[in-house]
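Worksheet: one structure, shown below.
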Amino acid sequence: MYRMTNPVRIGVVLLIVLATSCQKELHFDTDTSNRPFRIVTTVAVTGNDTLITEYGYDQQLRLASEVTTGRSAGETYYTNTQFSRDAQGRITTVVYKGLDDSETVNVDVHYPDATGMEYDYAIATRHSSGTHLRDSIAFSYSNGNMVKNERFRYKDGAGYLLARRETFDHNAAGNVESTEVFSTIGTVNGHVVLISTTQYTYAGYPDYIWTTDNASQNYLLAGLPNRSHESISEAVVRDQTGLAADYSMSTILVMDATGRMPETGSAYLFPQNTTTSLAFYYQFF
């Protein structure tokens, strides 16, 4: 839910998302007959930089942790994300930790009823270098699709003020086709303004590891509220402020003999003209 602001770092991280967000074991049931495997490690190599992502699971084989370590853009990189669920299998808490635990974000998710998978708001508390920020994030849906979330930041004496808005347009399959991000960053009057748009293209073949069709749960797990099991092939990010360059990220995955899971792949970041080699490792059962 929190995005880094360095454009190069964003590009590198989004490349990993494109390559791996559809590779996670995200199911909410116990039937594994159609997917007797789960991804445990992803390795991304860009020049002299290597990022290794390791995935952990609970007893129901649902994603419980995701830890990425290594170097990105020449700097040490570390993130640790932990997911907690209730008896219904719904994510209730997400904890993000940065390098040396110097930055921690706790997201507590609220559901309006006892069984539904769609949450209505979340409280995010960020601890960084002795400072504490608290956000309230409200979510809106239409026909099972997440169409908007709005982040309100708490300020002493003023209460919660709108700081960020993210909107989603979906295709017929329920996948996000485009997003718009609005923010108060860089504004004088504190009003949110459009700062970026992203357009997504899909590969046209299914990804059988992506098995949940619930948009809200997928947003917490992978950062996109997609409902269909289709791999992303490209994302084009366009700056709307005039202060940063546009860039695009594309991936090509090489599937195994069954066509069900990627073994290797490559990701390309433009205009930086960097290529990332990808490798995926699985556990079979």
- Query: So how many residues does segment 235-283 have that are more than 22 Å from VAL43 (Cβ to Cβ), of a type in the set (Val, Ile, Thr) and under 22 Å from the mean Cα position of the chain (by Cα)?
  - Reply: 2
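Yes/no per residue for (1) under 30 Å from PHE284 (Cβ atoms); (2) surrounded by fewer than 17 Cβ atoms within 10 Å (Cβ to Cβ); (3) polar (S, T, N, Q):
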| site | (1), (2), (3) |
| --- | --- |
| ASP58 | yes, yes, no |
| TYR77 | yes, no, no |
| SER84 | yes, yes, yes |
| ALA87 | yes, yes, no |
| ASP108 | no, yes, no |
- Query: Quick check: is even one residue across segment 245-261 among the hydrophobic types (A, V, I, L, M, F, W, C), over 15 Å from TYR202 (Cβ atoms), at pLDDT 90 or above and surrounded by fewer than 17 Cβ atoms within 10 Å (Cβ to Cβ)?
  - Reply: no
- Query: Where in segment 66-153 are there strands (runs of 3 or more DSSP E), lying wholly inside it, with at least 1 residues that are within 30 Å of THR46 (Cα to Cα) and among the aromatic types (Phe, Trp, Tyr)?
  - Reply: 75-85, 91-97
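Run down ASP100, ASP58, ASP113 and say which single residue is acidic (Asp, Glu), free of Cβ contacts under 8 Å to residues at least 12 places away in the same chain and out of contact with any helix residue (DSSP H, G or I) (no Cβ under 6 Å at 6 or more places or on another chain). Full working, then the answer.
Working: ASP100 fails: free of Cβ contacts under 8 Å to residues at least 12 places away in the same chain; ASP58 fails: free of Cβ contacts under 8 Å to residues at least 12 places away in the same chain.
Checking each option against the conditions leaves just ASP113.
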- Might you let me know whether segment 128-146 holds any residue that is crowded, with 16+ Cβ neighbours inside 10 Å, polar (S, T, N, Q), within 24 Å of THR79 (Cβ to Cβ) and touching an Asp or Glu at 6+ places or on another chain (Cβ under 6 Å)? no
- Test set (1) of a type outside the set (A, V, I, L, M, F, W, C); (2) closer than 30 Å to TYR160 by Cα; (3) in a loop (DSSP other than H, G, I, E, B); (4) within 18 Å of the chain's Cα centre (by Cα) - GLN217 fails condition number: (3)
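The values are calculated or read from the model by the stated rules, or taken from the named source; none is laboratory data. Owing to the predicted nature of the structure, the values given are computational and were not obtained by experimental measurement. As a convention, Cβ positions derive from the backbone with ideal geometry for all residues, glycine included, and neighbour counts pool all protein chains shown.
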